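In what follows, a single structure is set out as structure tokens and then discussed.
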Amino acid sequence: MRDLASGIIYVVKSGYISRAVILDVTERLAIRTPRYWLAPAILAVAAWLDGDKERYVESIKTALALDHSKTALFMTLLLRDHARNEDMREWIGSYLAALEPANLPTDFAVVIEAVAGRTLGVDSSPQLVRRMRGWYENAASSRDAEDEEIGQWQRYLMGLAPAGDHAEAFPTLARSAPEWELLRKRHEAGTVIEAADQYFRGRFEEGAEVPADLDEKISLLLKSLAEDPDPAEDQILQRIRHAEAVIETQDQAAAERRVAAEEADRSRALNILSLVTRAAFPAGRRRPPSMTELLAIVMSQRFISAAAEKVQDGHQRPASVEIRIGKRQGSFSCATDDETTPEALRRQADDLAEQFAGEIDAQATEQRSKLLRQARMRMIVGSVISGALVVIALVTGPVTSPLAILSLGLLIAVLGYAALDRFVLLEGRIQSIADHVRREKSEIKSTLTAASEELATLFSQEQRSRDLLPELQAYLLGLTAEDAHRAIRFTAPPQGRMLPGPDDTDTPDDADPAETRDDGLARGFPEWTPWPPRRARQLPGPIAPPI
């Protein structure tokens, strides 16, 4: 059914397939999809081609009842292909009359594309442009609506943040700074500003491809109009969008943020503001931009600018960044720009290293003093024990007695251990303390140096994004519709058609005159126009066509 919708205009125009076949195929498809607007809409076209006015009126009423906006737009595009401009404006009026700017159908984006690509004529239907501009200006004057759109743009912009784990880029701060989460969010916001500047400039530099061939544009628009997924299809498309986001970002968390923002946008009531916002930041941004997207960016420029500023100012810079290294802690002062230059941060790192070194030396001196006191105490105890053993040896009898020999042996052991502890083991302990002091000082020095370099990188990037923000805002607010139109790149027309036009020599002698007219109308289309139902009474009778 969707393929038939996108190809019916060319098929009928070419005359390659007879009207009877089209009517038969359409009736069969209508039986298979009775509640889908496209079936009775195409059936109405087929009835029109066959000159069956009653069936046309019945079918078009059914289609409009199922989906007024899509049916009216379908008929608009159908008539545009055959230069029936006045009739096309009648259908545009019918389409617009049924719209509510606070609850627009999703196919309204197709209308914007048609206007932007000049598919609905060079003037692109002034009534449509005026109506759309009036809706947008009225909606933008509401503070609540403005806040909602700015919030949505904040989520969109955050989706532009480069993928990757910031903790891997700043391992020292992630490990040692309690304020790391705040620093990470500020850094992410800064990268968003740079990414947004590249993104929006890049979309206009890349330009929008618009088919130069009118038939091709009509076919693409009709196909887009017909592709309205049912709930089962929408679930499949959600999974596809998630998979595409994972492939594009190479990061599960970034993909989930992007998909969450897009799904939140799809679930909103579609007003003129949200519709323009959605068109300005479509899913699948790896594809070239459309004219709708570029125009929507122009219309959303004020919201994007405000959202970028909110992203930049969303997290205040900390006055200081604490660094914890084991049981030691110090802080880098970051209150002013002068304190966040690479040179200033390096000096702060050196000062902290010197401060920590003094603390380490004081602790080492205290440990050495404690060891010396303990060694002296052990020496005194050893001397007392040795004296007691000498007395025991003298009192108990001859030196050769077993008890005297045992006492003298113990005396020698005690004196030997005391000497070993004082002159060998103590020196080893003191040397171990000295080695630990050197290692700790080196580790603290390298950690503080790394922290200062990572902070310098963070604050340098922050300064770049802060300087870039006014340039981005000036660029966005300076965009006009002319910039969007200048970005059009018309593609070359196709080399040939799959279905060739009919050869006059093959036309049978009894061919229907309506199919072989030479009055400037497209081949196979009746003179009478398929008006909207409210003008159905003006349809010609079964005998005389309208004058």
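A few remarks follow.
- Condition met for Arg241 (surrounded by 15 or more Cβ atoms within 10 Å (Cβ to Cβ), closer than 28 Å to Ser460 by Cβ and at pLDDT below 90): no
- Total residues in segment 244-279 satisfying the condition of being at pLDDT 75 or above and not in a helix (DSSP H, G or I): the figure is 2.
- Some residue of segment 2-20 being modelled with pLDDT of 65 or more, buried (at least 17 other Cβ atoms within 10 Å of the Cβ) and within 21 Å of Tyr95 (Cα to Cα): no
- Of all residues in segment 290-341, exactly one satisfies the criterion of being assigned to a loop (DSSP other than H, G, I, E, B), under 30 Å from Asp147 (Cβ atoms), touching a strand residue (DSSP E or B) at 6+ places or on another chain (Cβ under 9 Å) and not aliphatic (A, V, I, L, M), namely Ser290.
- Selection count, segment 451-509, where residues are at pLDDT below 75, surrounded by 14 or more Cβ atoms within 10 Å (Cβ to Cβ) and in contact with a Pro (Cβ under 6 Å, 6 or more places away or on another chain): 0
- Candidates Leu38, Leu23, filtered to the one that is over 20 Å from Ile112 (Cα atoms), out of contact with any Gly (no Cβ under 8 Å at 6 or more places or on another chain) and at pLDDT below 70: Leu23
- Filtered residue count, segment 296-320, keeping only those that are closer than 22 Å to Asp467 by Cβ and either in contact with a helix residue (DSSP H, G or I) (Cβ under 8 Å, 6 or more places away or on another chain) or in contact (Cβ under 8 Å) with a residue 40 or more places away in the chain (or both): 15
- Residue in segment 424-439 that is buried (at least 16 other Cβ atoms within 10 Å of the Cβ), modelled with pLDDT of 90 or more, part of a helix (DSSP H, G or I) and not charged (D, E, K, R) present: no
The values are calculated or read from the model by the stated rules, or taken from the named source; none is laboratory data. This is a predicted model, so every value here is computed, not measured. Every residue, glycine as well, gets a Cβ built from its backbone with ideal geometry; the counts of neighbours run over all protein chains shown.
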